[in-house]
Amino acid sequence: MLTHEENDLLCRVEGDAPMGQMMRRYWLPACLSEEVEGPDCDPVRVRLLGENLVAFRDSEGRVGLVAEQCPHRKASLFFGRNEEGGLRCLYHGWKFDVEGNCIEMSSEPAGSSLCEKVKHRAYPVHECGGVIWAYMGAAEHMPEFQRPIFAPTEATRVAHLKVVIDCNWAQGLEGAIDSAHSSSLHSTDMPAARVNSSTATGVAWQRPSTDKSPRLQAQETDYGFRYAAIRRPIQNANVSDYVRVTLFVAPFSVLIPPNNVYNVHQMSVPVDDTHNIIYLTAWTDVGEGVDQESWRKFTGGQLGIDLDPTYRKIDNAAANFGQDRSAMRLGSFTGIRGFPNQDIAMQESMGAIADRSGERLGASDLAIVEFRRVMVKAVRDFIATGKTPPALGLSEAERLKLASWERIVPKSTDWRDFEPEAAQVAAQ
């Protein structure tokens with residue numbers, strides 16, 4: 001369990017909160033590329049680390065991310081006109097380019113030099129892997145942008161699910177690293193079957209184990225930690241183990257073990273103290289993978305059906321997450337469609353910031369304990385000595401080698417020595 005002080009240290013990201021200040025050392029997902037799809041498109045509201053921002057793509061296709069309130073009279077630039085190389089405030093016509101330069105002041109006299117003196121807050125952005133990334137920290141600490149793990153090449157096939165969640169970022173992330181819950185909460189979507197490895201059918205992820213009580217083992221790393229969930233396989237259980245290795249990459253990424261069709265990556269990005277956004281991504285460099293609409297249909301996150309235009313759930317907490325009790329009586333374990341929505345229902349039901357001091361943790365919570373330990377220690381070290389946060393010391397090549405894996409292996413195998421490359425060779 002965590003103390004109240006540790007819980008606040010972990011969850012709170014707004015203003016001068018230490019975790020938020022540490023998060024600003026990383027490149028953060030601001031929005032999907034599809035949200036600012038074309039030149040002079042509609043502006044989009046973005047909220048990160050408690051800041052209200054606006055994203056837009058200018059006439060030349062460049063993306064900007066600026067503070068929402070105009071520096072003149074603080075009217076919202078979300079309502080502005082995105083035209084001719086900049087975003088123009090409706091109130092008095094002040095216009096800003098993607099770098100925050102004021103390029104026109106309709107309300108000021110001809111010859112006024114005020115335009116040259118105004119600089120609006122704008123953050124550096126980089127577009128990669130279908131995501132707009134932003135750096136919100138001090139310029140002197142800005143790391144070189146690195147390709148995300150889920151988009152190692154320009155040709156990588158990527159499908160994104162995005163959902164806004166009404167709880168803090170740590171609750172969202174803990175769902176992604178909790179392997180034990182998948183055997184219960186997701187048992188309808190991830191059923192046991194006589195398969196050799198995790199198998200995607202289009203409507204489920206089949207798994208070669210009925211074991212609901214995995215043995216967990218963790219290993220701290222310079223990027224965060226990785227852990228193994230070891231279960232009895234359905235076949236040859238006397239000589240084999242079914243091992244699923246998950247990676248936590250600071251500050252909020254989880255590499256979930258893949259299936260036979262695609263890899264899976266999740267980010268739980270802090271919107272503010274009490275909200276986060278999950279980006280759940282299926283990606284592959286081999287085979288067809290899964291297209292975006294099929295991915296969103298499978299995960300219960302289709303725009304206009306499951307989500308509104310701002311990526312918020314239509315079947316939200318007020319609608320009991322669309323839970324169908326009659327479906328439960330007919331065999332669905334939860335009655336909630338889409339395994340991410342099952343996670344969201346559990347996470348939001350804990351409250352916006354769960355009181356972790358009152359939890360009763362067990363052996364199946366080892367990864368949760370390790371995540372909290374790693375991140376609380378990281379932020380304390382950052383406050384005390386300015387120590388470089390986890391994962392920022394990795395080169396792009398080192399990052400792109402990180403991989404989760406799952407496999408039935410001989411009991412004599414030590415998962416710590418069984419690298420993903422070896423697992424891939426073994427599968428051939």
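Here is a yes/no grid of residues against (1) modelled with pLDDT under 95; (2) in contact with a helix residue (DSSP H, G or I) (Cβ under 7 Å, 6 or more places away or on another chain); (3) β-branched (Val, Ile, Thr):
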| position | (1), (2), (3) |
| --- | --- |
| Asp222 | no, no, no |
| Ala228 | no, yes, no |
| Arg232 | no, no, no |
| Tyr242 | no, no, no |
| Val245 | no, yes, yes |
| Val249 | no, no, yes |
| Ser253 | no, no, no |
| Val264 | no, no, yes |
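Taking the stated definitions as given, is Arg244 buried (at least 22 other Cβ atoms within 10 Å of the Cβ), of a type outside the set (Phe, Trp, Tyr) and touching a strand residue (DSSP E or B) at 6+ places or on another chain (Cβ under 9 Å)?
Numbers: buried (at least 22 other Cβ atoms within 10 Å of the Cβ): yes; of a type outside the set (Phe, Trp, Tyr): yes; touching a strand residue (DSSP E or B) at 6+ places or on another chain (Cβ under 9 Å): yes.
For Arg244, the condition - buried (at least 22 other Cβ atoms within 10 Å of the Cβ), of a type outside the set (Phe, Trp, Tyr) and touching a strand residue (DSSP E or B) at 6+ places or on another chain (Cβ under 9 Å) - is met.
When you scan the stretch 176-211, how many residues do you find that are modelled with pLDDT under 95 and of a type in the set (Lys, Arg)?
Final tally of qualifying residues: 0.
In the set Glu84, Glu68, which member is in contact (Cβ under 8 Å) with a residue 12 or more places away in the chain and open to solvent by less than 40 Å² (accessible area, probe 1.4 Å)?
Result: Glu68 is the single residue among Glu84, Glu68 that is in contact (Cβ under 8 Å) with a residue 12 or more places away in the chain and open to solvent by less than 40 Å² (accessible area, probe 1.4 Å).
Take the residues in the stretch 296-311 that are out of contact with any strand residue (DSSP E or B) (no Cβ under 7 Å at 6 or more places or on another chain) and outside any loop (DSSP other than H, G, I, E, B), then tell me which one is nearest to Val44 (Cα to Cα).
Among those residues, the one meeting the criterion is Leu303.
Under 7 Å between Cβ atoms, at least 6 apart or on separate chains: pull out the pairs that start in the stretch 288-314 with a residue that is at positive phi and end on any residue that is open to solvent by 80 Å² or more (accessible area, probe 1.4 Å).
As it stands, the answer is Gly289/Arg157; Gly300/Arg337, since those pairs meet every condition given.
If the Cβ limit is 8 Å and pairs must be 6+ apart or interchain, which residue in the stretch 269-286 that is free of Cβ contacts under 8 Å to residues at least 12 places away in the same chain pairs with which residue that is crowded, with 21+ Cβ neighbours inside 10 Å and hydroxyl-bearing (Ser, Thr, Tyr)?
Once the first residue is free of Cβ contacts under 8 Å to residues at least 12 places away in the same chain and sits in the stretch 269-286, no partner that is crowded, with 21+ Cβ neighbours inside 10 Å and hydroxyl-bearing (Ser, Thr, Tyr) comes close enough.
Suppose the filter is exposed (fewer than 15 other Cβ atoms within 10 Å of the Cβ), within 23 Å of Leu394 (Cβ to Cβ) and either free of Cβ contacts under 8 Å to residues at least 40 places away in the same chain or among the acidic types (Asp, Glu) (or both); does Glu140 pass it?
yes
Between Glu99, Glu116, Glu60, Glu127, which is on the phi < 0 side of the Ramachandran plot, assigned to a strand (DSSP E or B), open to solvent by 20 Å² or more (accessible area, probe 1.4 Å) and out of contact with any Cys (no Cβ under 7 Å at 6 or more places or on another chain)?
Checking each option against the conditions leaves just Glu127.
What tally of residues in the stretch 266-295 results from selecting those that are assigned to a strand (DSSP E or B) and over 20 Å from Ala345 (Cα atoms)?
3
Select from the stretch 1-48 the residues that are out of contact with any strand residue (DSSP E or B) (no Cβ under 7 Å at 6 or more places or on another chain), among the hydrophobic types (A, V, I, L, M, F, W, C) and part of a helix (DSSP H, G or I) and list them in ascending order.
If the condition is that a residue be out of contact with any strand residue (DSSP E or B) (no Cβ under 7 Å at 6 or more places or on another chain), among the hydrophobic types (A, V, I, L, M, F, W, C) and part of a helix (DSSP H, G or I), then Leu9, Leu10, Cys11, Met19, Met22 are the ones that fit.
Which residue pairs have Cβ atoms under 7 Å apart, sit 6 or more places apart or on different chains, and have a first residue in the stretch 24-43 that is within 27 Å of Glu140 (Cα to Cα) and a second that is open to solvent by 30 Å² or more (accessible area, probe 1.4 Å) and among the β-branched types (Val, Ile, Thr)?
Ala30/Val125
Can you find, within the stretch 365-395, the residue that is farthest from Val163 (Cα to Cα) among those that are open to solvent by 50 Å² or more (accessible area, probe 1.4 Å) and in contact with an Asp or Glu (Cβ under 8 Å, 6 or more places away or on another chain)?
This residue is Lys387.
State whether one or more residues within the stretch 113-132 are at pLDDT below 95 and either under 20 Å from Ile234 (Cβ atoms) or among the small types (Gly, Ala, Ser) (or both).
Within the stretch 113-132 (the criterion being at pLDDT below 95 and either under 20 Å from Ile234 (Cβ atoms) or among the small types (Gly, Ala, Ser) (or both)), the answer is yes, since at least one residue qualifies.
Could you go through the stretch 277-289 and let me know if any residue there is modelled with pLDDT of 95 or more, open to solvent by 50 Å² or more (accessible area, probe 1.4 Å) and out of contact with any Pro (no Cβ under 7 Å at 6 or more places or on another chain).
No, the stretch 277-289 contains no residue that is modelled with pLDDT of 95 or more, open to solvent by 50 Å² or more (accessible area, probe 1.4 Å) and out of contact with any Pro (no Cβ under 7 Å at 6 or more places or on another chain).
Is there any pair with a first residue in the stretch 388-404 that is among the aliphatic types (A, V, I, L, M) and a second that is open to solvent by 70 Å² or more (accessible area, probe 1.4 Å) whose Cβ atoms are under 6 Å apart and which are 6 or more apart or on different chains, and what are they?
none
Considering each residue of the stretch 315-350, count those that are in contact with a Ser or Thr (Cβ under 9 Å, 6 or more places away or on another chain), touching a residue at least 24 places away in the same chain (Cβ under 8 Å), surrounded by fewer than 18 Cβ atoms within 10 Å (Cβ to Cβ) and not aliphatic (A, V, I, L, M), and give that number.
Summing the residues that are in contact with a Ser or Thr (Cβ under 9 Å, 6 or more places away or on another chain), touching a residue at least 24 places away in the same chain (Cβ under 8 Å), surrounded by fewer than 18 Cβ atoms within 10 Å (Cβ to Cβ) and not aliphatic (A, V, I, L, M) in the stretch 315-350 gives 3.
Scanning the stretch 151-177 for residues that are out of contact with any helix residue (DSSP H, G or I) (no Cβ under 6 Å at 6 or more places or on another chain) and charged (D, E, K, R), which turns out nearest to Arg312 (Cα to Cα)?
By that ranking, first place goes to Lys162.
For the stretch 325-375, give me each residue that is more than 25 Å from Leu255 (Cβ to Cβ), of a type outside the set (Ser, Thr, Tyr) and at pLDDT below 95.
Listed by number, the residues that qualify are Asp355, Gly358, Glu359, Arg360.
Open to solvent by 50 Å² or more (accessible area, probe 1.4 Å) and charged (D, E, K, R): which single residue out of Arg24, Arg73 fits that description?
Being open to solvent by 50 Å² or more (accessible area, probe 1.4 Å) and charged (D, E, K, R) holds for just one of Arg24, Arg73, which is Arg73.
The values are calculated or read from the model by the stated rules, or taken from the named source; none is laboratory data. Bear in mind the structure is a predicted one, so any value in this text is a computation, not a measurement. In this analysis, Cβ positions are derived from the backbone assuming ideal geometry, glycine residues included, and neighbour counts consider all displayed protein chains. Calculation scope for accessible area: heavy atoms of the full protein, side chains included, ligands and nucleic acids excluded. Shrake-Rupley method; radii C 1.70, N 1.55, O 1.52, S 1.80 Å.
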